[in-house]
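One structure is given below, encoded as structure tokens.
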Amino acid sequence: MEASRRDFISLGIGLLGAAGGVAALYPLVRAMLEPSKIAALGAVVEVDISNLQPMQVRVTSWKGKTTFVIRLPEDFKADDYKLKEGALNSKGTTNYEILKGHPVFALVGICTHLGCIPLWKPQGEEASGGKPTFHCPCHGGYYTPYGDVIAGPPPRPLFIPPQKLEGNKLIIGEKGFVQELI
């Protein structure tokens, strides 16, 4: 039996369609076969804190989110802040209760009101009585250096990622003095 021109074109179109289908499914199959590598992408960030001075904030990224690494002076007093009533984290407490005793720690730097990026104001603001604050200028949210809400519309403190301290490195994304995202 002799192949006609129509049969040849039909076969060519079928092969092109099959190749296109395989190319479209390849990323999906690859993601299903390697979920741990994809899930771990950007999950751990190491920050060298050896040159981080007291009251200094270093901005980094963890899982695609802006993250603040802050060093507080050893004699820093967090008790002087008047916190917004009812603005508690997922543990039902303040961030200070979780982070106290740790002069270096990380906070997810995304305002819990509408997702803006707060600014670090080490010289303070009027709403904080001149004490160091994170200030979200978009809607007037104010946070303590520990990420607790002082004033404004934020409903809860800044998130705290899991983290641990190893020598001069703060490792964000690994269980340590903070075990899970709070």
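For (1) of a type in the set (S, T, Y); (2) surrounded by fewer than 18 Cβ atoms within 10 Å (Cβ to Cβ); (3) under 23 Å from L52 (Cβ atoms), each residue gets a yes or a no:
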{"residue": "K82", "(1), (2), (3)": "no, yes, no"}
{"residue": "A106", "(1), (2), (3)": "no, no, yes"}
{"residue": "S128", "(1), (2), (3)": "yes, no, yes"}
{"residue": "T133", "(1), (2), (3)": "yes, no, yes"}
{"residue": "H139", "(1), (2), (3)": "no, yes, no"}
{"residue": "P154", "(1), (2), (3)": "no, no, no"}
{"residue": "F159", "(1), (2), (3)": "no, no, yes"}
{"residue": "K164", "(1), (2), (3)": "no, yes, yes"}
{"residue": "K175", "(1), (2), (3)": "no, yes, yes"}
Within the range 57-74, of all residues that are in contact with a strand residue (DSSP E or B) (Cβ under 7 Å, 6 or more places away or on another chain) and free of Cβ contacts under 8 Å to residues at least 24 places away in the same chain, the one nearest to Y143 (Cα to Cα) is R58
For G92, the lone unmet condition from (1) exposed (fewer than 10 other Cβ atoms within 10 Å of the Cβ); (2) under 30 Å from G130 (Cα atoms); (3) at pLDDT below 90 is (3)
Filter the range 109-145 for residues that are without any contact (Cβ under 8 Å) to a residue 60 or more places away in the chain and part of a strand (DSSP E or B); the one that is nearest to L88 (Cα to Cα) is Y143
Of those in the range 64-82 that are at pLDDT 90 or above and within 23 Å of the chain's Cα centre (by Cα), the residue farthest from F105 (Cα to Cα) is K65
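The values are calculated or read from the model by the stated rules, or taken from the named source; none is laboratory data. Remember, predicted model here, so these are calculated numbers, not experimental data. Here Cβ is always computed from backbone atoms with ideal geometry, including for glycine, and neighbour counts include all displayed protein chains.
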